2 protein chains.
Amino acid sequence: MSEFDTATAVAADGSGAIHPRWDIGGNANGGYLLALAASRMRDVAGRPDPVTVTAHYLAPGLAGPVQIDAETIKAGKRFTTMSATMRRGDRPLLRVLGTFGDLADVAGPDHVARADHVTFGPPELPAMAECIPRTPYQGGLEVPMMERLDVRLRPADAGFAGGLRSGVAEMAGWFAFADGRPVDTLALLLVCDALPPAVFNIDLPAGWVPTMEFTVHVRARPAPGPVRCVFRSRAVSGGFLEEDGEVWDSADRLVAMSRQLALVPR
Amino acid sequence: MSEFDTATAVAADGSGAIHPRWDIGGNANGGYLLALAASRMRDVAGRPDPVTVTAHYLAPGLAGPVQIDAETIKAGKRFTTMSATMRRGDRPLLRVLGTFGDLADVAGPDHVARADHVTFGPPELPAMAECIPRTPYQGGLEVPMMERLDVRLRPADAGFAGGLRSGVAEMAGWFAFADGRPVDTLALLLVCDALPPAVFNIDLPAGWVPTMEFTVHVRARPAPGPVRCVFRSRAVSGGFLEEDGEVWDSADRLVAMSRQLALVPR
């Protein structure tokens, strides 16, 4: 069993665990926590793919046992809408609202364009081997999760750890699992939170960027191979920032879009 | 009392109503439904501003009585996270997950830019008087909600109703209430769903674009006056489309960002 499958397995009674070494400086990665909750939600829904899931983060997720209670809100013909709460004891860590379906049978017209008529497509990235691995120790911060992932940043975006910020709130790179597990629709929830924050490339106080809310739209099942992603923040204001992500598969197909609302480091 | 305040009033026991004539072809507008639920949620939270709210739409909202049950998930120092279900009888119509706070006391560094270094700012719009009112009867579709709103579209985006699509999945315009009620943070939830779908300007089958999921980030309390908004869809694929919105106030400040996942008309 792959590391990711082990770390997102939840028993039929909803008991599971935040596994160690999926963290950044001690707190489990938000995308991993969402995947862990969604793993239970899709089991209860009986539908294989998260289509749209939203998490609100309530407390940091330290490694250890958790209880995930999933409730079916509506089971429809094509989709099932679920709510889930991840708790440790009486303390809620995460609340998720999500709709699940089967993305094997999707169909419809395709139109992929930006408003300025430019083709909307994957980010321009050098080959994976020419990108910069995100390591488990980066810029003074311990990121044990990076032992499990093969995340490689676009060279122009990777200088921040050494103090060379690009000046643009953008972070692009490749994602694969270190153990070769395929990137499926559950893993896309992790992918959308696996790169360093895009605002690390602009002039803001460095530090923890706590996510309040994180939504992922899964648009298709990824074709085999690593995925390419790009994350951008446009507005840092009033103490908040958004980060928008796109994930593209090896067939140049958009497989996920994400957005999160986070607090600006103080 | 303004029309919007009347239509979003909910009693202390959670009983309320989907008011008539906030609909499009019989189904209440999704932004109005979200505002109605959020009105109850902020009352229970005791915090005045929705900061991030996500709705999943479960059934069409016809006018008539509803019950809105709001549950506090976590009341923290700055924010309160809430869940709410809007039902008619046993049938859930809407499920909402949201975090509420007080946007009067926001502070922090500002950085507003696009990834290409271009300033990220309000859409370029002619003066409100030179834009095209969205009328209660448009292109064969009855939109009674437009009796209550003063929505004026950018002329280049407004031809779709007469069959002249711009070819770009973008829709921009002004928003105000017809009765002059100020646009506050609750109203922004409506604003983010008050323009025609951006995809009406590209070559897709015309028709109902059912929203599955709708998230609004409220970034600031709007300054007095009408707001300017722009909505864009980039990827129509696999039967789904996203629509991203921005709302800017009279002081050129970003006051809301929205995203929805909708089904492509068939």
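When both bridge partners sit in the protein assembly as shown, DSSP labels roughly 100% of those beta bridges antiparallel.
Projected over every direction and averaged, the convex hull enclosing the alpha-carbon atoms of segment B:1-117 yields 9.8 nm². Each other copy places its own label point for A:Asp13 at 3.9 nm from this one, sorted shortest first, where the point lies 7 Å along the Cα-to-beta carbon line.
Here the simple spin-label model places points 7 Å from the Cα toward Cβ, and for A:Phe120 and A:Trp208 these points are separated by 3.5 nm. Got the A:Asp184 label distances to the other copies yet, label 7 Å along Cα→Cβ, in nm, shortest first? Between copies, matching label points for A:Asp184 lie 4.8 nm apart.
Per residue, how much accessible area does segment A:106-236 show when a 1.4 Å probe rolls over the protein heavy atoms, in square angstrom?
Values: 5070 Å² over 131 residues.
Accessible area per residue, segment A:106-236: 39 Å².
Note on segment A:108-266: Rg/Rh from C-alpha atoms, Kirkwood Rh, equals 0.95. Excluding residues on the same chain fewer than 8 positions from A:Lys74, give the aspartates and glutamates whose Cα lies under 12 Å from its Cα. Excluding near neighbours in sequence, the set is B:Asp90.
The label point for B:Arg21 and the one for A:Ala17, both projected 7 Å from the Cα toward the Cβ, are 6.2 nm apart.
Using the Kirkwood formula on the Cα atoms of the protein assembly as shown, what hydrodynamic radius do you get, in angstrom to one decimal? Numbers along the way, then the final one.
Working: mean 1/r = 0.0431 Å⁻¹.
When all Cα pairs of the protein assembly as shown are included, the Kirkwood radius is 23.2 Å.
Can you give me the convex hull volume of the Cα atoms of chain A, divided per residue and expressed in Å³? Could the numbers behind the result be given before it?
On the way: hull volume 36.1 nm³, N = 266.
In chain A, the Cα hull volume divided by residue count equals 136 Å³.
Contact residues in segment A:247-263 (at least 50 Å² less accessible area with all protein chains than alone, 1.4 Å probe): A:Met257, A:Arg259, A:Leu261.
For segment B:122-189 and segment A:252-266, write down the distance between their C-alpha centroids in whole Å. For segment B:122-189 versus segment A:252-266, the Cα centre distance is 29 Å. In this assembly, the B-A interface accounts for approximately 5500 Å² of buried accessible surface in total, computed with a 1.4 Å probe and without ligands, DNA or RNA. Among the trypsin sites (Lys or Arg not before Pro) in segment B:97-204, those located in a DSSP loop and surrounded by at most 15 other Cβ atoms within 10 Å of their own Cβ are B:Arg114.
Considering only B:Asp249, B:Asp184, B:Asp49, the Gaussian network model of chain B with Cα springs below 10 Å gives its largest mean-square fluctuation to B:Asp184. Computed over protein heavy atoms with a 1.4 Å probe, the carbon and sulfur contribution to the accessible area of segment B:52-103 reaches 52%. Placing a label point 7 Å from Cα along the Cα-to-Cβ axis, A:Pro126 is separated from the same position in the other copies by 5.0 nm, shortest listed first. Here the convex hull built on the C-alpha positions of segment A:26-86 has a volume of 78 cubic angstrom per residue.
Between segment B:190-229 and segment B:93-108, what is the C-alpha centre distance in whole Å? Segment B:190-229 and segment B:93-108 have Cα centres spaced 19 Å from each other.
The values are calculated or read from the model by the stated rules, or taken from the named source; none is laboratory data. Bear in mind the structure is a predicted one, so any value in this text is a computation, not a measurement. We place every Cβ from the backbone using ideal geometry, glycine too, and count neighbours over all the protein chains shown. Heads up: the accessible areas ignore ligands, DNA and RNA and are worked out on the full protein's heavy atoms, side chains in. Shrake-Rupley method; radii C 1.70, N 1.55, O 1.52, S 1.80 Å.
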